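Encoded as structure tokens, the structure appears first; notes follow it.
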Amino acid sequence: MNLLLHSQKRSKVPGDSKQMINARQAFLENGHYMPLAGELTHFVTSHLRAKDELDMLRLLDLGCGEGYYLNQISENLNEENINYCGIDISKAAVQKAAKRKLIANFAVASTYNIPCLDNEVDVVMQVFAPCNTNEVSRVVKPCGHWLHVQPGPEHLFEMKQLVYDSPAMHVQEVPETIEFEVIDQKSLKYTFNLLGKADRLALLEMTPFYWSISEVKKQILLEKLTSATANFVITRLKKAS
Ligand SMILES: C[S@@+](CC[C@H](N)C(=O)[O-])C[C@H]1O[C@@H](n2cnc3c(N)ncnc32)[C@H](O)[C@@H]1O
């Protein structure tokens, strides 16, 4: 699958900041979200098994950031029958993704205007990134799948407890579309330890908190946040035939 490269108007989004991108890469490379990469690999493996051996599986990551999850899947599977593609609105993130060893097509593009032909993709993956349901529906093949990952209710709750007096749980959303049906939904929850001040700073910088809380609160987080809960809700949807 070739991404259809045409120039798209880029909007300034918080995820665009180089500082945030560097922080996310440093944090992810410490392995804290590896269990999620394992779950995504597991889903992709089950799609591979269902396919004809000679067919390429076309996997597209929407809002791929620095390509961490595609890279992990490719390392876990060591499988040549997958065509890896990723798009992100952030040029700096895509440049980092493109520098990985992984053989993949990456493009700077919006998930609201996906540079793919209609009915071209077997599996769309979307981890903590915005998208347009109609666009996903347009590019996914009939009977193709959509792996939608959002923060679960308790995701990084310890951080919120240090920031807010009455922290709220994340609210769950399921993509609403008549063209896809929800096959299953899985909650993944575990606690991970932060590996020191640099790791804590990376986590802080990759979240919107870094841009919104006071210096005092930042220092409290950097001193006290020694572990946190990772909570992901993975919804698998299937497009109608
Ligand atoms: C929270 S980050 C997640 C990145 C990656 N999926 C991960 O989990 O490591 C959200 C990503 O969505 C990207 N993004 C935001 N709006 C976008 C849009 N309209 N089209 C494409 N990417 C977008 C940001 O640049 C950022 O890389």
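Which condition number does PHE157 fail, the rest of (1) surrounded by 13 or more Cβ atoms within 10 Å (Cβ to Cβ); (2) within 16 Å of the ligand (Cβ to nearest atom) being met?
The number of the failed condition is (2).
Restricting the search to the range 224-238, which residues are more than 13 Å from HIS148 (Cα to Cα) and either touching a residue at least 60 places away in the same chain (Cβ under 8 Å) or crowded, with 20+ Cβ neighbours inside 10 Å (or both)? Break it down stepwise before answering.
Filtering the range 224-238 for residues more than 13 Å from HIS148 (Cα to Cα) gives 224-231.
Residues satisfying the conditions are LYS224, LEU225, SER227, ALA228, THR229, ALA230, ASN231.
Residues to consider are PHE192, PHE157, PHE180, PHE128; find the one that is on the phi > 0 side of the Ramachandran plot and touching a residue at least 60 places away in the same chain (Cβ under 8 Å). Before you say what the answer is, go through the steps one by one.
Values: PHE192 fails: on the phi > 0 side of the Ramachandran plot; PHE157 fails: on the phi > 0 side of the Ramachandran plot; PHE180 fails: on the phi > 0 side of the Ramachandran plot.
The unique qualifying residue is PHE128.
Does PRO151 count as within 13 Å of the ligand (Cβ to nearest atom) and surrounded by fewer than 14 Cβ atoms within 10 Å (Cβ to Cβ)? Before the answer, list the steps.
Details: within 13 Å of the ligand (Cβ to nearest atom): yes; surrounded by fewer than 14 Cβ atoms within 10 Å (Cβ to Cβ): no.
Answer is no for this residue.
Can you find even one residue in the range 106-122 that is of a type in the set (A, V, I, L, M, F, W, C) and without any contact (Cβ under 8 Å) to a residue 40 or more places away in the chain? Break it down into steps so the answer makes sense when it comes.
Applying the first criterion (of a type in the set (A, V, I, L, M, F, W, C)) to the range 106-122 yields 106-109, 114, 116-117, 121.
From what is left, the residues that are without any contact (Cβ under 8 Å) to a residue 40 or more places away in the chain are none.
Taking every residue of the range 106-122 in turn, none turns out to be of a type in the set (A, V, I, L, M, F, W, C) and without any contact (Cβ under 8 Å) to a residue 40 or more places away in the chain.
Which of the strands (runs of 3 or more DSSP E) found entirely inside the range 47-119 contain at least 1 residues meeting this: within 15 Å of the chain's Cα centre (by Cα) and farther than 24 Å from PRO35 by Cβ?
Details: elements: 57-62, 82-88, 104-108.
Result: 82-88, 104-108.
MET169 - would you say it is outside any helix (DSSP H, G or I) and within 26 Å of LYS18 (Cβ to Cβ)? First the steps, then the outcome.
Details: outside any helix (DSSP H, G or I): yes; within 26 Å of LYS18 (Cβ to Cβ): no.
No.
Suppose we keep only residues that are touching a residue at least 60 places away in the same chain (Cβ under 8 Å) and among the polar types (S, T, N, Q) within the range 23-62. Which one would you say is farthest from ALA109 (Cα to Cα)? Give the derivation first.
Going through the range 23-62, the residues touching a residue at least 60 places away in the same chain (Cβ under 8 Å) turn out to be 23-27, 30, 32-33, 35-36, 39-40, 43-44, 47, 51, 57-62.
Going one step further and asking which of them are among the polar types (S, T, N, Q), we end up with 25, 30.
On the way: GLN25: 20, ASN30: 28 Å.
Top of the filtered list is ASN30.
Could you count how many residues in the range 110-131 are of a type in the set (S, T, N, Q) and within 7 Å of the ligand (Cβ to nearest atom)? Step through it out loud before you land on a result.
Here is the first cut: in the range 110-131, the residues of a type in the set (S, T, N, Q) are 110-111, 113, 119, 126.
Within this subset, residues satisfying the condition of being within 7 Å of the ligand (Cβ to nearest atom) are 110-111.
Residues in the range 110-131 being of a type in the set (S, T, N, Q) and within 7 Å of the ligand (Cβ to nearest atom): 2 in total.
Every number in this text was worked out from the coordinates using simple rules, so none of it is lab data. Only a predicted model underlies this, so the values are computations on that prediction, with no experimental measurement involved. Note: ideal-geometry Cβ built from the backbone for every residue, glycine included; neighbour counts use all protein chains shown.
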